[in-house]
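K.L.:
Pasting a structure here, questions to come.
What follows is calculated from the coordinates using simple rules that are stated; it is not laboratory data. Given the structure is predicted, the values throughout are model-derived calculations rather than measurements. Reconstructed Cβ throughout: ideal geometry from the backbone, glycine too, with neighbour counts over all protein chains shown.
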Amino acid sequence: MLLAISPIGLFAQNEGTTVQNQEKALKQYGFWDNWFIQGQIGGQYTFSEDYKWSSFGDKLTPTAALNIGKFFSPETGARLQLGGWTSGNYLHFTNHAYNVNYLNVNADALFNLTNIFLPYKEDRVFNLYGILGVGYVHGFRDSDENLHATNSLAPRLGLQADFRLNKAWSLNIEANGNLLRDNFNNNNYAGTSNDGTLNVLAGVTYRFGKRGFATVNAENPALIQSLNDEINAQRAKAEEYKACCEKKSAEPKTIIKEVPIAQNAQLNSMVSFRIGKATIDPSQEANLYNVAQFMKSNKDAKVIIASYCDAKTGTPAFNQKLSEKRSAAVVKVLTEKYGIDKNRFIVENNGDKQQPFADNNAWNRVTIMTSK
């Protein structure tokens, strides 16, 4: 369940939010951030074959739970729960009330309904969570009541109201319903399909480590400038290597004749993108203009368009599609705005399989254009 919910949180980080007309994105968080632990205690009401014949008190028993979990984004999280105590049951034909001692282990997906339907606010006092999960319930053997051990897979639905006290602590009230096998209480003579329990618990939540989620500007001018500086430095090194190779491998006349081809090989430009986006910013238009002028001046040159995504954001499947969209956006501008024949492009969509800038994760949100 943890693995299933995790990509949803990463996808939410890719999409980001808009705050005061300035595009924002969620700050990237590590595996050990936004973990929590919960302790809960309350009451349980059991629905089984003869529950209508017994008093309310016969079916009401105590229950408790200990949870540990993690929030992947403001909207989604998951938890593992260890709980149990006793379940109240009743046999109508013998007029006998009895309890089943049990232990349950649950995996729950958590959906913050407040943040899904309202703008995210870290210090909001009240949050409402939806719960969807599945558990394993073990009923213990009791020789005094002639009960044998039972095991059940139990799907569940629930709601939890969380009241924030401060950054670390909050109080919670939860109600959840669990569907059990008919033999959970060792009584299936009436032919019903399932037993069930309704739990109402109150507890406390402690969030440890790095808590909450922060937003950052999706566009970082300093980062773009540093990326341009790095590409210019790599271009200068390429010039040095090429001059050295030409000097060693060719005569002076041959070098002079090959100057136009050497100029073709010098194209090395790029377009950087915002996190999770394939839209070309106005600040990157100059780079595409230079590529178009180069191709108009070198009629036989072809250009490799290689798009990448940073490996620390998004899933591999999402990043592969995103790199395809980035390549398509670059080709569209060069063909439609500058009239370059699309057959002169060689497109490589690399997703996050390759990382051209290993020392800086954010630099890999880029399309690099080189001449062939």
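K.L.:
Using r as the Cβ-Cβ distance of Leu82 and Ala243, and R0 as 51 Å, what FRET efficiency do you calculate, to the nearest 0.05? Don't skip to the answer; put the middle values down first.
P.N.:
Working: r = 69 Å, r/R0 = 1.34.
So the FRET efficiency works out to roughly 0.15.
K.L.:
Do you know the relative contact order of the stretch 270-326, to the nearest whole percent, from alpha carbon pairs under 8 angstrom that are 6+ apart? Write out the running numbers ahead of the final one.
P.N.:
Working: 29 pairs, mean separation 21.4, N = 57.
Relative contact order here is 38 percent.
K.L.:
Can you tell me which of 58-65, 360-367 comes out highest on packing, and rank the rest after it, using the mean Cβ neighbours within 10 Å?
P.N.:
On the way: 58-65: 17.6, 360-367: 20.9.
Ranked by mean Cβ neighbours within 10 Å, highest first: 360-367, 58-65.
K.L.:
What is the extension gain from Gln266 to Lys325, computed as 0.36 nm multiplied by their sequence separation minus the C-alpha to C-alpha distance, in nm to one decimal? Before the final figure, lay out each step's value.
P.N.:
Working: separation 59, 0.36 × 59 = 21.24 nm, distance 2.59 nm.
18.7 nm is the gain from fully extending Gln266 to Lys325.
K.L.:
Something else: Provide the FRET efficiency to the nearest 0.05 for the Ala236-Lys342 pair, computing r from the beta carbons and using R0 = 30 Å.
P.N.:
Values: r = 31 Å, r/R0 = 1.04.
Efficiency computed from Cβ-Cβ geometry: 0.45.
K.L.:
Separate question: Between Asp281 and Asn151, what is the label-point separation in nm under the 7 Å Cα-to-beta-carbon projection?
P.N.:
It is 5.6 nm.
K.L.:
Let me ask something else. Starting with the highest mean, order 121-132, 313-324, 346-357 by the number of other Cβ atoms within 10 Å, averaged over the residues of each peptide. Could the numbers behind the result be given before it?
P.N.:
Numbers: 121-132: 14.3, 313-324: 18.9, 346-357: 16.8.
In decreasing order of mean packing, 121-132, 313-324, 346-357 become 313-324, 346-357, 121-132.
K.L.:
Take the alpha carbon atoms of the stretch 93-129, find their center, do the same for the stretch 319-372, and report the distance between the two centers in whole angstrom.
P.N.:
46
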